[in-house]
Amino acid sequence: MPTIVVDVMPKAELLDPQGKAVAGALSRLGENRFSDVRIGKRFELTVEGEVDEATLARARELADEMLSNAVIEDVVNIEVVE
């Protein structure tokens, strides 16, 4: 069954306290190759049958209306994986 994956991230201009905490932990562990960490959300929507344009369009609508908070988050990717 195909799956539609929706990735949601905090808006770039907003502070990401979880990401800052992870970045600090990486630094304390001596891992200095990574300068920043941002933490988001991933949703996997399993689809019964084939994914057509209407199904993908509805997933986009749901991502904007329900899966993300438009005030503080952006839907950064929607893709179909088999």
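The values are calculated or read from the model by the stated rules, or taken from the named source; none is laboratory data. Quick caveat, the model's predicted, so the values are computed rather than measured. Cβ coordinates were reconstructed from backbone atoms using ideal geometry, including for glycine residues, and neighbour counts include every protein chain displayed. All accessible areas refer to the heavy atoms of the entire protein, side chains included, with ligands and DNA or RNA removed. Shrake-Rupley method; radii C 1.70, N 1.55, O 1.52, S 1.80 Å.
Here the dipole of the chain is about 680 debye; that uses its Cα centre as origin and unit charges on the Cβ of Lys and Arg (positive) and Asp and Glu (negative). Taken per residue, the accessible surface of the chain reaches 71 Å², heavy atoms only and a 1.4 Å probe.
Show me the ranking of peptides 66-77, 39-50 by mean Cβ neighbours inside 10 Å, starting with the highest.
Values: 66-77: 13.8, 39-50: 12.2.
Packing proxy ranking, top to bottom: 66-77, 39-50.
Our summary of shape: the Cα atoms of the chain have principal axis extents of 48, 28, 13 Å, ordered from largest down, in whole angstrom.
The residue among 69, 1, 45 whose Cα reaches farthest toward the positive pole of the charge dipole of the chain, with charges on the beta-carbon of Lys, Arg, Asp and Glu, is 69.
Note on residue 41 and residue 3: the model spin-label points, each 7 Å out from Cα along the C-beta direction, lie 1.7 nm apart.
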